[in-house]
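Since every read-out is calculated from the coordinates, none of them should be taken as a lab result. Quick caveat, the model's predicted, so the values are computed rather than measured. FYI the Cβ positions are ideal-geometry reconstructions off the backbone, even for glycines, and counts take in every protein chain you see.
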Amino acid sequence: MNALFTQQWNVERDKEDEYLAFITEQYNPKITSLGLKIVGGYYVEIGPGPTTVAVFSADNINLINEIALSEEYRKITNKLNYYVNNRCAALGFSTGRVSQEPYTIQEGVWKWNHYYNVRPNKKDAYKHTLGQIVTVIEKLDFVELTQEWHMLYGGRGDYLLEMTFKDPIDVARLLNNQQFRNLEKLIKKELIIDYSSRLLRSTERFDKPRWVTL
């Protein structure tokens, strides 16, 4: 099972240089040594903050919980808190309806993430419509429907649907696709509630993780 763990925060404006050194030299190496895979770092370009998102994965949720409860994790997180504010965390797992492939680092990408809850009496209709969306996007060469996550806590909704683009202009290309627009209109109008979205840009510190080989 793919498990997703995210940490989000805002960087203290007067500590940016110290923060960069801390992330590269201490935080990232410690997190990987504890057993989490660092699979991305993003800036929120459009949508609600916090503005920095660090993304981790593991093979199962139990491992993430064990790490989060460890003294070493608490210590490195306390150090992180010196450089950031508004830090929060979220934990989820792959539903397997979009992809069952291992979640890996994607370099130089943009993410259009969708957050929502499914209406209680629309679960089956939602699954069917999601399958149609998967079919439509599979035919397009400028967007990847990367994963559907069920969030256990800390999410902006019970579900996170993750789309990946090489160029943000391709988001507009997707919105101009009539099949996708029809399905998007249906799902927002009849099948889900509490919808929001964010556009995120990958950061150079995470998309080429030189610290992994230290």
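Brief remarks follow.
- Part-to-part distance (alpha-carbon centres) for the range 50-85 and the range 1-36, which is given in Å: 8 Å
- Multiplying the residue separation of Thr32 and Lys188 by 0.36 nm and removing their Cα-Cα distance gives an extension gain of 52.4 nm.
- Overall, the anisotropy analysis places the range 110-201 in the oblate class: the square-rooted eigenvalues a ≥ b ≥ c of its C-alpha gyration tensor yield a/c not less than 1.5, with a/b not exceeding b/c.
- Whether the range 65-148 is rounded, prolate or oblate, judged on the alpha carbon gyration tensor where a/c under 1.5 counts as rounded: prolate
- With a Förster radius of 30 Å applied to the C-beta separation of Thr24 and Ala172, the computed FRET efficiency comes to 0.30.
- Among the lysines of the range 5-137, pairs that are 8 or more positions apart or on different chains and have alpha carbons within less than 29 Å of each other number 15.
- Listed by Cβ neighbour count within 10 Å, with the fewest neighbours leading, Tyr42, Tyr82 appear as Tyr82, Tyr42.
- Label zone at His128 (point 7 Å along Cα-to-Cβ), backbone N below 20 Å, the range 77-111: 97-98
- The HN-Hα couplings worked out from phi for the range 128-141 by the Karplus form 6.51 cos²θ - 1.76 cosθ + 1.60 (θ = phi - 60°) are 5, 5, 4, x, 5, 5, 4, 5, 5, 5, 4, 8, 9, 9 Hz, whole numbers, x standing for Gly and Pro.
- Modelled label positions at Ser197 and Thr104, each set 7 Å beyond Cα in the direction of Cβ, lie 2.7 nm from each other.
- Positive contributions from Lys and Arg (+1) and negative ones from Asp and Glu (-1), summed over other residues with Cβ under 14 Å from the Cβ of Arg87, come out at +2.
- Tensor-based shape of the range 3-94 (alpha-carbon gyration tensor, a/c under 1.5 rounded, otherwise prolate or oblate): oblate
- Gaussian network model of the chain, springs between alpha carbon atoms under 10 Å - residue of Arg156, Arg87, Arg119 with greatest fluctuation: Arg119
- Residues Ile46, Ile105, sorted so that the one with the fewest Cβ neighbours within 10 Å comes first: Ile46, Ile105
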